[in-house]
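What follows draws every value from the coordinates through simple rules; no lab data is involved. The structure displayed is predicted, hence computed values, not measured ones. Reconstructed Cβ throughout: ideal geometry from the backbone, glycine too, with neighbour counts over all protein chains shown.
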Amino acid sequence: MDLNKTKRFGVHLDVTLKVIKQDLLKRFRENGIDLTPEQWTVLSELAGHEPIYQRELAESTFKDAPTVSRIIELLVKRGYLSRVADEEDRRRFLVSLTDEGQQIYDKSAPVLYEARTLGWDGLGDKDYEDLTRILGKISKNISK
């Protein structure tokens, strides 16, 4: 493999992720949604698995615990999340969506899916399989 071709794969990933996040932020703003993509990821995970322990939420969103803690704190202040200490272990917290959180999730999900559909325009199932296979291989190689 020519090293000149592999040197910039990280740059391509970073640029693509940055463009995706900027587009989603713009779409959220245009639709009166006060969320970041990272906050949406947390809401999305809770919409399907609530309530969930804060540590499990960090693992399932692939975010570090301090980042998830900050996101949760902000979303609790906005009234989108509820965080309750576990009755058996007061050091653990269960996190769930509030009614307001479900409403903002319901409002934002179509905006996100529209952005994903645009980003995937012209690509098919084989492209998705190739992309996930390649990214999985890169992750596995680097994690060794």
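Comparing mean-square fluctuations of VAL68, VAL76, VAL11 from a GNM of the chain with C-alpha springs under 10 Å, the top value falls on VAL11. Classify the stretch 93-144: rounded, prolate or oblate, from the alpha-carbon gyration tensor (a ≥ b ≥ c, eigenvalue square roots; a/c under 1.5 rounded; otherwise prolate if a/b is larger than b/c)? Judged from the Cα gyration tensor, the stretch 93-144 comes out oblate (a/c at least 1.5, b/c at or above a/b). Of all the options THR98, THR61, THR16, the one that moves most in a Gaussian network model of the chain with Cα springs shorter than 10 angstrom is THR16.
Between the helical axis of 125-143 and the longest alpha-carbon principal axis of the chain there is an angle of about 80 degrees.
Considering the chain as a Gaussian network with a 10 Å cut-off on Cα pairs, which listed residue, PRO37, PRO110, PRO51, attains the greatest mean-square fluctuation? Answer for the Gaussian network model of the chain: PRO110.
Counting only other residues whose beta carbon sits under 15 Å from that of GLN103, what net charge do I get with K and R as +1, D and E as -1? Can you show the working numbers first?
On the way: positive: ARG78, LYS107; negative: ASP34, GLU50, ASP99, GLU100, ASP106.
Spelling it out: positives minus negatives among the neighbours equals -3.
Can you divide the C-alpha Rg of the chain by 2.2 N^0.38 Å and report the result to two decimal places?
Working: Rg = 17.7 Å, N = 144, 2.2 N^0.38 = 14.5 Å.
Ratio of Cα Rg to 2.2 N^0.38 Å: 1.22.
Only alpha carbons enter this Debye calculation for the stretch 38-102, each as an equal point scatterer, and the log10 of I(q)/I(0) it gives at q = 0.21, 0.23, 0.24 Å⁻¹ is -0.75, -0.91, -0.99. Rounded to the nearest 10 degrees, the inclination of helix 9-30 to the longest alpha-carbon principal axis of the chain is 50 degrees.
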